[in-house]
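Colleague: My questions will all concern the structure given below.
The values are calculated or read from the model by the stated rules, or taken from the named source; none is laboratory data. Note that the structure is predicted; figures quoted are calculated from it, not measured. Cβ: placed from backbone, ideal geometry, glycine included. Neighbour counts: every protein chain shown. Side chains included, ligands, DNA and RNA excluded: accessible areas come from the protein's heavy atoms. Shrake-Rupley method; radii C 1.70, N 1.55, O 1.52, S 1.80 Å.
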Amino acid sequence: MNLNIYKSLWGMTGSIEEQFKQIASAGYNGLESAVAEISDVPKFKALLKEYQLDYIPLIYTEGTNHLENFRQLIWLASAFEPKKIVAHAGRDLWAVEEQTEFFRAALHIEKEFSIPIAHETHRRRLHAITHPRRAR
């Protein structure tokens with residue numbers, strides 16, 4: 001088993017070139033950042049290749065149709081051929097039924113793109129839905 005370590009661009013300063021250089025020189029295997037915040041996709045891809053770094057796209061759904069936004073963002077992220085995607089999706093104020101339906105549809109989208117998607121469940125996002133046998 002190999003341990004791969006990724007650095008988030010969140011909070012980093014300097015130009016994108018400087019950030020990539022810092023990440024690579026520190027020995028990271030790759031980086032994570034929001035796909036929607038990449039202003040120059042060809043440059044970003046070139047830097048990934050130059051520094052031989054993997055990329056984990058982070059997506060945030062917004063708007064009135066989170067599922068459609070989810071699909072669009074997965075499509076954008078898929079252009080980077082990532083090993084996985086991290087999603088901050090949905091809203092925590094949704095009823096359990098709405099959350100369940102979103103996850104059900106999200107799993108179908110994940111299969112369409114054949115990219116594993118990790119769903120984070122914090123900061124206004126969907127709550128973890130507890131399996132009835134595990135509830136206490």
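Colleague: When only C-alpha pairs under 8 Å and at least 6 residues apart count, what is the relative contact order of segment 1-70, in percent?
Modeller: On the way: 75 pairs, mean separation 20.8, N = 70.
Normalised by residue count, the contact order of segment 1-70 is 30 percent.
Colleague: For segment 21-130, what is the relative contact order in percent, using Cα pairs closer than 8 Å and at least 6 residues apart in sequence? Provide the component values of the computation, followed by the final result.
Modeller: Working: 152 pairs, mean separation 26.1, N = 110.
Result for segment 21-130 is 24 percent.
Colleague: Pairing the Cα long axis of helix 66-78 with the longest principal axis of the chain, what angle in degrees results, from 0 to 90 and rounded to the nearest 10?
Modeller: Helix 66-78 sits roughly 30 degrees off the main axis of the chain.
Colleague: For the residue pair Ser78 and Ala36, what label-to-label distance in nm results when each label sits 7 Å from Cα along the Cα-to-beta-carbon direction?
Modeller: 1.9
Colleague: Considering only Arg104, Arg71, Arg91, give the residue with the highest GNM mean-square fluctuation for the chain, with springs between Cα atoms whenever their separation is below 10 Å.
Modeller: Top of the fluctuation ranking is Arg104.
Colleague: As I understand it, the dipole of the chain uses +1 on the Cβ of Lys and Arg and -1 on the Cβ of Asp and Glu, about the Cα centre. Which of His119, Ile23, Ile56 lies farthest toward its positive end?
Modeller: His119
Colleague: On a C-alpha basis, how far is the centre of segment 1-39 from the centre of segment 64-87 in Å? Whole number, if you could?
Modeller: Distance between centres, Cα-based: 19 Å.
Colleague: For the chain, which whole percent of the accessible surface, found with a 1.4 angstrom probe, sits on carbon and sulfur atoms?
Modeller: Working: 4670 of 9000 Å².
Ligands and nucleic acids excluded, carbon and sulfur reach 52 percent.
Colleague: Can you give the angle from 0 to 90° between the axis of helix 96-113 and the longest principal axis of the chain, with both taken from C-alpha atoms, to the nearest 10?
Modeller: Helix 96-113 and the main axis of the chain meet at about 40 degrees.
Colleague: If I fit a long axis through the Cα atoms of helix 41-51 and take the longest principal axis of the Cα atoms of the chain, what angle between them do I get, 0 to 90°, rounded to 10?
Modeller: It works out to around 60 degrees.
Colleague: Two decimals is fine: what's Rg over Rh for the chain, C-alpha atoms, Kirkwood radius as Rh?
Modeller: On the way: Rg = 16.4 Å, Rh = 16.2 Å.
Here the Rg-to-Rh quotient is 1.01.
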